[in-house]
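The values are calculated or read from the model by the stated rules, or taken from the named source; none is laboratory data. Note that the structure is a prediction, hence the values are computed from the model and not measured. Virtual Cβ from ideal backbone geometry, glycine too; neighbours counted across all protein chains shown. Each accessible area value is taken on the protein alone, full model and side chains, heavy atoms only, with ligands, DNA and RNA left out. Shrake-Rupley method; radii C 1.70, N 1.55, O 1.52, S 1.80 Å.
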Amino acid sequence: MELITGEQFVKGLALLAAGISMGFGAVGPGIGEGFVAGKACEAIGRRPDEQALITKTMIIGQAISETTGIYALVVSLILIFVV
Amino acid sequence: MDVMMCTVLGAGLAIGLGAIGSAIGEGYIAMNAMGALGRQPGASQKILRLMIIGQAITETAAIFALVMALVLLFGGNGEGTMKAVTYIAAGIAIGFGTIGSGFGAGLPGGSALKGIGRNPQNSDALTVQMIIGQAVTQTSTIFALTVSMILFTLSPELSYLKMAALIGAAFAMGFGAIGPGIGDGIVAKNANEAVGKSPQNMGLLTRTMIIGQAITETTDIYSLVVALILIFVV
């Protein structure tokens, strides 16, 4: 292999970091959104007549839980294309 | 570095890590089957049937990891440093990627058995709900398997950047599949518990469960996108 320059070294580490960022960043939102939807199912099982309200709140709650996942995505895209 | 050494390392990572999730998930199902048997010894046939179906589906994740490990062991005969890196990356992607789904698929199985323990008459509704929930939970494993297969078949040019990108893609997909896998399992677990309590709401619950699981999967799709960008664009 040819000699690695300093710039390539930084770019390579940035690519590795992009993968790690998205990988670990997806763990939390995945589990968190699961909790939201799980409790929504439980609530609908108890009060099926309130399903419209519960589904709406579930989607809002999940969207907010998702934000950290989107941060991880943005950071990894910056690491891939900008750095 | 010897390529042979890297295929063996990749296969070890694949099945060693890949067996964790399914093993815990199946244990959780059997544990709840024992609880149900203690409550309803008369319904032992139904309990045993549901336990075996649930455990068989939970096993899927580990079987994917096993397949990938065997493919690496017997099919990994490429040459060069880059091929060696792709083999390790394929092992990391499928190994970590199956932990979440394996554990997640155990959760709905366990709560379906709890439901049978409460009322054995609901066994048909619980079986259907459990199978749907577990099937959707396997999505993240299938993504990981796809990325792992792509990494295995890839033969890139020798470059330091590409090497870092491939290992990065493996981490993105491998770790990225853990959270959504467990999250999907939690959704299906609570939906099954609700079906066990009130089977007449099953249609509504299945719909809500699938919407909830689909939204939970979004982070998994981000991981897949990042992994594919790292593999093909960089």
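Structural remarks
- In summary, B:Gln129 fulfils each of the numbered conditions (1) open to solvent by 40 Å² or more (accessible area, probe 1.4 Å); (2) under 16 Å from B:Leu113 (Cβ atoms); (3) of a type outside the set (Phe, Trp, Tyr) with the single exception of condition (1).
- Note on region A:5-18: among residues that are surrounded by 12 or more Cβ atoms within 10 Å (Cβ to Cβ) and of a type in the set (A, V, I, L, M), the one that is farthest from A:Ser76 (Cα to Cα) is A:Leu13.
- Among residues of region A:1-33 being among the charged types (D, E, K, R) and in contact (Cβ under 8 Å) with a residue 12 or more places away in the chain, the one that is nearest to B:Met82 (Cα to Cα) is A:Lys11.
- Region B:187-220, residues that are in contact (Cβ under 8 Å) with a residue 40 or more places away in the chain, more than 12 Å from B:Val136 (Cβ to Cβ) and either open to solvent by 10 Å² or more (accessible area, probe 1.4 Å) or among the β-branched types (Val, Ile, Thr) (or both): B:Lys189, B:Asn190, B:Glu193, B:Val195, B:Lys197, B:Pro199, B:Met202, B:Thr219
- For beta carbons closer than 8 Å, sequence separation of 6+ or different chains, a first residue in region B:159-172 that is more than 7 Å from every other protein chain (Cβ to nearest Cβ) and in contact (Cβ under 8 Å) with a residue 40 or more places away in the chain and a second that is of a type outside the set (A, V, I, L, M) and not in a helix (DSSP H, G or I), the qualifying pairs are B:Lys162/B:Pro156; B:Leu166/B:Pro156.
- A:Val74 falls short on exactly one of the conditions (1) within 8 Å of chain B (Cβ to nearest Cβ); (2) free of Cβ contacts under 8 Å to residues at least 24 places away in the same chain; (3) more than 28 Å from B:Ser198 (Cβ to Cβ), and that condition is (1).
- The set of residues from region A:19-31 being open to solvent by 10 Å² or more (accessible area, probe 1.4 Å), within 7 Å of chain B (Cβ to nearest Cβ) and small (Gly, Ala, Ser) comprises just one member, A:Gly28.
- Scanning region B:61-72 for residues that are within 9 Å of the chain's Cα centre (by Cα) and open to solvent by less than 40 Å² (accessible area, probe 1.4 Å) returns B:Ala61, B:Ala62.
- Check on B:Val233, modelled with pLDDT of 95 or more, more than 7 Å from chain A (Cβ to nearest Cβ) and within 30 Å of B:Gly76 (Cβ to Cβ): no
- Flag if A:Gly45 is open to solvent by 10 Å² or more (accessible area, probe 1.4 Å) and more than 7 Å from chain B (Cβ to nearest Cβ): no
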